[in-house]
1. What does the average come to when, for each residue of peptide B:440-446, you count the partner chain Cβ atoms lying within 10 Å of its Cβ?
2. Quick one: which of B:570-581, A:440-451 comes out on top by average Cβ neighbours within 10 Å, and what's the full order, highest first?
3. Could you calculate the FRET efficiency of residue B:570 with residue B:31 from 1/(1 + (r/R0)^6), where r is the beta carbon distance between them and R0 is 51 Å, rounded to 0.05?
4. Residue by residue through A:554-566, how many Cβ atoms from other chains fall within 10 Å of the Cβ on average?
5. If I take R0 = 41 Å and measure r between the Cβ atoms of residue B:138 and residue A:388 in this structure, what FRET efficiency does the formula 1/(1 + (r/R0)^6) give, to the nearest 0.05?
6. Using 0.36 nm times the number of residues separating residue A:309 and residue A:10, minus their current alpha carbon distance, what extension gain do you get?
7. Under 20 Å from the 7 Å Cα→Cβ point of residue B:212, by amide nitrogen: which residues of the range A:78-113?
8. What nm distance separates the two modelled labels at residue B:377 and residue A:221, each placed 7 Å from Cα along Cα→Cβ?
């Protein structure tokens, strides 16, 4: 069934029994279907010709029996097919989800989350019905077509040749038209997508279009597009409309030939009347099954395309080297042993290095960037270049710069969302690439630009940070993140329900809960990725105060566009276009960095020292 | 007992309503088809010819079989004549079938085009109230997916419903002509397959519902976990996520198996009924043949009729659901097409030729929802060339003002005047061309930079466009784009930054040189240096023009001649910066906070 299914084959292999039994019973049913004309011929040639009513009843009974056995076979086949298809799909979905979870962001960016979601849902569904259909029909249809032909050979060689010719001609017509029309259908689908896009565009831009009084032009443009679509649809429609009449004519032309030759055979006495009737029946069975086969092939093709796309997801492997995770990507392979070994080795190395790092210095160095650069896959230039930075324990680091200057890129190298493409990042004296991912990330609490919350209670969301957090720890974190005030007011407090994506909370509330989640973790490194801009000034200031009182003195990275949020930092990095322009304290930078001064002044101009913006 | 009745009441009512709606929709569909009346008649004609000839063929086949009774007794003259006749009939049947398909194709796609056109034309005329109240995705899916589904249904309905019914009727007639009793066997047994199918479908639908519920939950989970993978991985939640996924996955597998299996019982069952019919015809036919009242050819003819007769019955349940589906889809599009339009302004009484630029709001009342008054008795007088800043916390309804001034929405009471003329007496086109508008959501069309800049002024020269781009600080970055002014902006302008998009929108307005301005300052996601460029472009644009600005920056507010302070959808204060500070009200509070 094609090369592309090879990788997915193993999920189906678990249903070997079903995959064999399903088509087998389908085949049995087909055998009974093929027997019907033979029995009918008997009724005519033995029953009617000899005026034997008992014989008629007897063969009639056989017909009913055949129908009943056929039904049983068919139901059995349907069950096995359904079982194999749904089981296959479930296994596949599970493996797919598991695999996607291990992907790093380089791959996620490349494919896009919405695509991955489509692969996991509609593509798998399509594949499921494809497998189901294929198990049911792929054997049956060809079997009946060739079975009918073979039956014809048992009656008469010359007439069977008519069958052969008809089958060849029918195949040419059915598959030829399909081959021509499939790409055309794809093309019309493309045009339809275009029409869809203009519709969406018009709706999202309705205010602008009306403000510029462009309604008539937009309508005119749309008209053009719909006419184009209609013409394309009609063209392909006209071609595929040929299938039915052409096959009809071919089959019936064969019928005329069959009757003419049949006349001679009967005249010569080599064939009987009932056998002619049986041959006529076979001829019409061929047509029905060929059409079914064509439809199955269309569906299978679609499913194969889906399978290829799914296979594409499996072929993505995380670009991050991680010893603990490497073996997760494919299920069904027992590698737990190897995994354990790898982890032990890791732990050993890590302990050694940590020790040596610890004894060397009095104030421990927590984190080092060493000529670190990161160039996203497919990008021409690195998003951040040559970062050198040494961070001591307990330090606060500010990072400032415009959009696209590389702020988020810089910090994304710490939890290894992306790997540095050049240079290295060290945490606790050890290259992050050598850390076990899970252990590394456990050290880090990160608050994103847009806080992401999950469906469930506030408590459940906080537990993401630390599974073993006590009630007191949670409340403490909430208080620190200035979230306790509104959580407390909620009827159910910590157990209040959060809808998917935190829809029932305001932006500021979500942000504060996101901060609390990071704090519950009591991380060694706390990263705020421009996450305080959604907070008002008072909250922001209170949070800043609170962070100073943390008993565990984490390293804090504060990414911001506002100089006010980072002015008290121990070191501030000024970024522009992926370059680190300067590093220093607020005072130092105001004195010597033109860019920093510009940013600072653009926020404080006109309105004295303390104001920025309303938003 | 009573409760049961109560429950049945509204449900029955609803059923009635649905039926009524479907009738209405069907009538509307017919009114679209009426434009292609001639084609529709042709299609029906070809269909009739096709069915008659196709049904005549088995009879000829039967006759042909009857010419060859046994060894040495074949009537070749008659056989030849019958075969020639068969050839002609086959030709006619094939040709008419093809022509029918072509007619149906044409009707369907033309109707679909007409509906899409009407719907799109409607979008241009619908009040924004309607458009704001319906999510974009919903409207798009009505115009694309629903119309498509409708087309499929219409095509199938056309090709199969009519021919199906005709086939059933004609077969019945033909069969009756040959033998009444065998016909009775066929007629009595065949509907069984219909009932069997309906019975199974009823049982299956519950399973399907459970399957789609489980599928929905699973998709939600996938959406949440994969969509936010960064957070999931940062907090090491992968294992738990997989566990939750596995749970729902097992459930889905179970329901899916049941739904798939039960639904796939329909085909074998109906086929079983057909086979029983076949056997019945075979036995009774053979008895009649033995009695001599039926020829073998007649029996063979009957057998193929029996097959043909049951086929439409098997298909009909599918056709009916498809048609019902199509009607529902069409109904959704027609809801859009039949929605109430904006009031016609074709005969506007007044016109503004040379704009002074004074704006008055007199005793304006407005609300989006009838019982929740938003703006009450608002009075405002703006002299020519003044700047009006609208401020307030996020979500306080600042855009409502834009909606009213541009007449995207009409006031409920009072009036808004430009140059002392009530804007409702002007045509919308005349009114809107007085304003240049830059919104926070920077909308750009699919097309080149140049096309986008010329959006408001199609006859502008390239030089004029470049001049406008220079004035709005857009020229320098446009120059650096891969193809300069001819760079194609992709959907949602993914190849441009938010700030660059904003600059393009400003340049678009610069080219127009409108008498008055409406500006919505961008709040975030633009870095402060680009922001400065945008501010400077705004400043140049506003020189000498009456301007309304939804303001987020203090600099804008302080330079404004009038400040409208909004809170919870209401204008709570108005005045200039100093007077508002003196009032020591909400504005002063806002100001002190920052």
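1. Values: counts 0, 4, 2, 7, 3, 9, 5.
Per residue, the number of nearby Cβ atoms from other chains is 4 on average.
2. On the way: B:570-581: 16.4, A:440-451: 21.2.
The peptides rank, most packed first, as A:440-451, B:570-581.
3. Numbers: r = 47 Å, r/R0 = 0.91.
Efficiency at R0 = 51 Å is approximately 0.65.
4. On the way: counts 0, 0, 0, 0, 0, 0, 0, 6, 1, 1, 0, 0, 0.
For this peptide, the per-residue mean of nearby foreign Cβ atoms is 1.
5. On the way: r = 52 Å, r/R0 = 1.28.
Approximately 0.20, to the nearest 0.05.
6. Working: separation 299, 0.36 × 299 = 107.64 nm, distance 1.66 nm.
Separation in residues times 0.36 nm, less the Cα-Cα distance, equals 106.0 nm.
7. Residues A:86 fall inside that zone.
8. In this crude spin-label approximation the distance works out to 4.7 nm.
Rule-based calculations on the coordinates, nothing more; no lab input. Since the model is a prediction, treat every value here as computed from it, not as a measurement. Glycine also receives a Cβ, built like all others from the backbone with ideal geometry; neighbour counts cover every protein chain displayed.
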